[in-house]
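J.: Attaching a single structure in structure tokens format; questions to follow.
The values are calculated or read from the model by the stated rules, or taken from the named source; none is laboratory data. Only a predicted model underlies this, so the values are computations on that prediction, with no experimental measurement involved. Glycine gets a Cβ as well: all are built from the backbone with ideal geometry, and neighbour counts include every protein chain shown. Quick note on the areas: whole protein, heavy atoms, side chains included, nothing else; ligands and nucleic acids left out. Shrake-Rupley method; radii C 1.70, N 1.55, O 1.52, S 1.80 Å.
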Amino acid sequence: MSKIAKKPIAIAAGATVKVEGGQIEIKGPKGTLKRAVPAGLKAVVKDNAITIERTAEDKQTLISHGSLRSHVANMMTGVTTGFTRVLLLEGVGYRAQAGKDGVQLALGFSHPVLYPVPAGIKVETPEPTRVIVTGIDKDMVGKVAAELRRLKLPEPYKGKGFRYEGEKIKRKAGKAITK
């Protein structure tokens with residue numbers, strides 16, 4: 001058994017857990033998340049903690065065991081504190097502005113780009129070059145941040161484009177002029 005799968009998940013204050021019909025539902029101050037429990041696994045709530053146990057020993061169950069435990073732990077964190085990804089936009093004239101219908105982006109193309117934000121995700125732009133993606137579902141926050149970044153990947157010469165906060169872009173030397 002993996003080390004991750006053995007660890008119990010503490011139920012945070014203000015959160016409630018309900019397991020029924022092959023599905024686990026966690027409610028907290030920030031919202032509610034649900035996830036299906038794969039065949040061969042079961043979630044057990046006791047002593048103010050959640051443990052994931054195997055009911056079968058086939059290969060797929062072994063693979064899913066640690067993954068489900070990590071997903072449930074992320075659900076617990078999401079409904080109590082939430083998740084945030086910060087993107088920085090570099091480049092002359094590059095800017096972002098959040099609106100009610102999505103994020104309006106000027107990325108050096110001949111046209112503005114409108115990115116529609118999915119339900120459950122909040123996108124803020126406190127500055128034109130800073131985009132903050134927040135939500136309770138870690139998978140969706142990461143997916144939205146990755147899709148925004150994919151619109152204009154950082155290039156290696158000047159570093160123009162979206163990058164995550166704290167990410168280092170490996171720069172290349174420009175063309176050398178010889179005489």
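J.: Residues G93, G108: which one is part of a loop (DSSP other than H, G, I, E, B), surrounded by fewer than 17 Cβ atoms within 10 Å (Cβ to Cβ) and in contact (Cβ under 8 Å) with a residue 24 or more places away in the chain?
T.: Going through G93, G108 in turn, the sole match is G108.
J.: Right, T51: open to solvent by less than 70 Å² (accessible area, probe 1.4 Å), of a type in the set (S, T, N, Q) and farther than 24 Å from G82 by Cα or not?
T.: Taking the combined requirement at face value, the residue does not satisfy it.
J.: Mind listing whichever residues of the range 1-43 are open to solvent by less than 60 Å² (accessible area, probe 1.4 Å) and over 19 Å from V79 (Cβ atoms)?
T.: S2, A5, G22, P38, G40, L41
J.: Let me ask something else. Looking for whichever is modelled with pLDDT under 95, open to solvent by less than 50 Å² (accessible area, probe 1.4 Å) and on the phi > 0 side of the Ramachandran plot here; the options are G120, G166, G102. Which one fits?
T.: Checking each option against the conditions leaves just G102.
J.: On to the next question. On the basis of being among the small types (G, A, S) and in contact with a Phe, Trp or Tyr (Cβ under 9 Å, 6 or more places away or on another chain), does G108 make the cut?
T.: Judged against the criteria, G108 is a match.
J.: On to the next question. Can you name the residue in the range 145-179 that is without any contact (Cβ under 8 Å) to a residue 60 or more places away in the chain and part of a helix (DSSP H, G or I) and, of all such residues, is farthest from A106 (Cα to Cα)?
T.: A146
J.: Also, quick follow-up: Of the conditions (1) at pLDDT below 95; (2) aliphatic (A, V, I, L, M); (3) touching a helix residue (DSSP H, G or I) at 6+ places or on another chain (Cβ under 8 Å), I24 fails just one. Which one is it?
T.: (1)
J.: Still on this structure, please answer the following. Being over 25 Å from M140 (Cβ atoms) and of a type in the set (K, R) is the filter here; which residues of the range 26-83 pass it?
T.: K42, K46, R54, K59
J.: Could I ask something else about it? Check off (1) in contact with a Gly (Cβ under 8 Å, 6 or more places away or on another chain); (2) over 19 Å from I132 (Cα atoms); (3) acidic (D, E) for E53 and give me the number that stays unchecked.
T.: In the conditions (1) in contact with a Gly (Cβ under 8 Å, 6 or more places away or on another chain); (2) over 19 Å from I132 (Cα atoms); (3) acidic (D, E), E53 misses (1) alone.
J.: I'd like to know if the range 61-80 contains one or more residues that are on the phi < 0 side of the Ramachandran plot, at pLDDT below 95, part of a loop (DSSP other than H, G, I, E, B) and open to solvent by 20 Å² or more (accessible area, probe 1.4 Å).
T.: Among the residues of the range 61-80, not one is on the phi < 0 side of the Ramachandran plot, at pLDDT below 95, part of a loop (DSSP other than H, G, I, E, B) and open to solvent by 20 Å² or more (accessible area, probe 1.4 Å), which makes the answer no.
J.: Hey, could you check the range 111-144 for residues that are assigned to a loop (DSSP other than H, G, I, E, B) and of a type in the set (A, V, I, L, M, F, W, C) and say which is nearest to E90 (Cα to Cα)?
T.: V117
J.: Taking the condition of being modelled with pLDDT under 95 and within 8 Å of the chain's Cα centre (by Cα), how many residues in the range 140-163 meet it?
T.: Of the residues in the range 140-163, 0 are modelled with pLDDT under 95 and within 8 Å of the chain's Cα centre (by Cα).
J.: So which pairs qualify, if the first residue must be in the range 1-22 and on the phi > 0 side of the Ramachandran plot, the second must be in a loop (DSSP other than H, G, I, E, B) and surrounded by 15 or more Cβ atoms within 10 Å (Cβ to Cβ), the Cβ gap must be under 6 Å, and the two must be at least 6 apart or on different chains?
T.: G22/V37
J.: Let me ask something else about it. Return the total of residues in the range 138-151 being open to solvent by less than 50 Å² (accessible area, probe 1.4 Å) and in contact with a Gly (Cβ under 7 Å, 6 or more places away or on another chain).
T.: Total meeting the criteria: 1.
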